[in-house]
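Only one structure is covered here, and it is reproduced in the block below.
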Amino acid sequence: MINTGMGDAGTKSAQGLDTHKKIWAIGGGKGGVGKSMVTANISICMALMGYKVIAVDLDLGGANLHTCLGLPIPELTLSDYVSKKVTRFEDLLVKTPIPNLMIISGAQDEIGIANLKHMHKNKIINKLHEMNADYILFDLGAGTSFNTVDFFIAADKGILVSLPEPTSIENTYRFIKTVYYRRLKMLEGFLDIEPLINQAMNAKLSSANSSPSEMIRKVIEINPQMGMRLRQEIARFQPSLILNQVRSQADIDIGFSIQSVCRRYFGIEVDYLGYLDHDPAVWQSVKKRKPLLMEFPNSKLVHHFDRIVHRLLGVS
Ligand SMILES: Nc1ncnc2c1ncn2[C@@H]1O[C@H](COP(=O)(O)OP(=O)(O)OP(=O)(O)O)[C@@H](O)[C@H]1O
Ligand SMILES: [Mg+2]
């Protein structure tokens, strides 16, 4: 059951102060793995707990977060803001039937995330930071385009959704690699170590002596100051992971394998938040255009979401 009392995370703020605000991005390389379903249901869980939540559909070009929340296509979307049809960002906020939960919808036209100009992306990120909410959740689209990765990096916490299948796992590693590389590229002095980083980025996941974590060791030897900067930046990159559509204990354990590959290869700590069962209730609720948690409040998935949200809030 969803706990309707406030957790002791202490982030609820009547004024929605910036210092309390948390932005979580839900992404992962592959399409159709359940990113929107996860964003919608985590948002509902949090809103029912009393937090003021805004769910933002950043899957420009394939926006469907509203469907997972049981809403019709919103009238105003981010594309209206980008095209200046709407000038006040707050006007994009759409109420949902769930108290405390609002949504900002993605584009319904051909504006793809890849086409979003750098300037627009930064403006959207800045505007979202100014929003009055306790938590803001980004539903990202599939793929590893610059813009998708930058929205993931702009969040306080990045949550990866993966299926326990080889294609999805490969995409998860590819997504992590792209984010990792982009973060390092933003560092001052990157050009001095670029060849070494490029070499490491091309290394196979199984290769121990040319992996990114080995590359950092080499940089520390050659240029200790830069090496420490790299190490600090990498320590700050701690993506979380949710395995969706699991059917067995072996599927659940894949999360731990991903964790250990990332530790060994990238030298990063992945926080395995938990798993969600494969459950026909998901497509039944999508078909009915009703949010899963509201339509099937007694399903096992509700307990899974409850556990994941408590992990996210740091109260379990
Ligand atoms: N745990 C689950 N059990 C059963 N089916 C699921 C589960 N999670 C997701 N699905 C199915 O997968 C479909 C795709 O989910 P969703 O739209 O959330 O994926 P997505 O990652 O957001 O996709 P896209 O990359 O296209 O935005 C859902 O409509 C649902 O039918
Ligand atoms: Mg989606």
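The values are calculated or read from the model by the stated rules, or taken from the named source; none is laboratory data. Fair warning: this is a prediction, and the values are worked out from it, not measured in the lab. With ideal geometry, Cβ positions are generated from the backbone for all residues, glycine too; neighbour counts draw on all protein chains shown.
Just a few scattered comments:
- Scanning region 32-73 for residues that are among the polar types (S, T, N, Q) and more than 9 Å from ligand 2 (Cβ to nearest atom) yields a total of 3.
- Residue match in region 209-219 (condition: buried (at least 22 other Cβ atoms within 10 Å of the Cβ), within 18 Å of the chain's Cα centre (by Cα) and β-branched (Val, Ile, Thr)): no
- Taking the numbered list (1) assigned to a strand (DSSP E or B); (2) within 16 Å of ligand 2 (Cβ to nearest atom) in turn, Tyr275 passes all entries but (2).
- Region 12-26 - residue that is modelled with pLDDT under 95 and surrounded by 18 or more Cβ atoms within 10 Å (Cβ to Cβ) and, of those, nearest to Phe146 (Cα to Cα): Lys22
- Any hit, region 188-203, residues being under 30 Å from Asp80 (Cβ atoms) and among the polar types (S, T, N, Q): no
- The condition (being in contact (Cβ under 8 Å) with a residue 60 or more places away in the chain and of a type outside the set (D, E, K, R)) is satisfied by just one residue among Phe151, Phe146: Phe151.
- Filter result (surrounded by fewer than 24 Cβ atoms within 10 Å (Cβ to Cβ) and either part of a helix (DSSP H, G or I) or within 11 Å of ligand 1 (Cβ to nearest atom) (or both)) within region 46-61: Ala47, Leu48, Gly61
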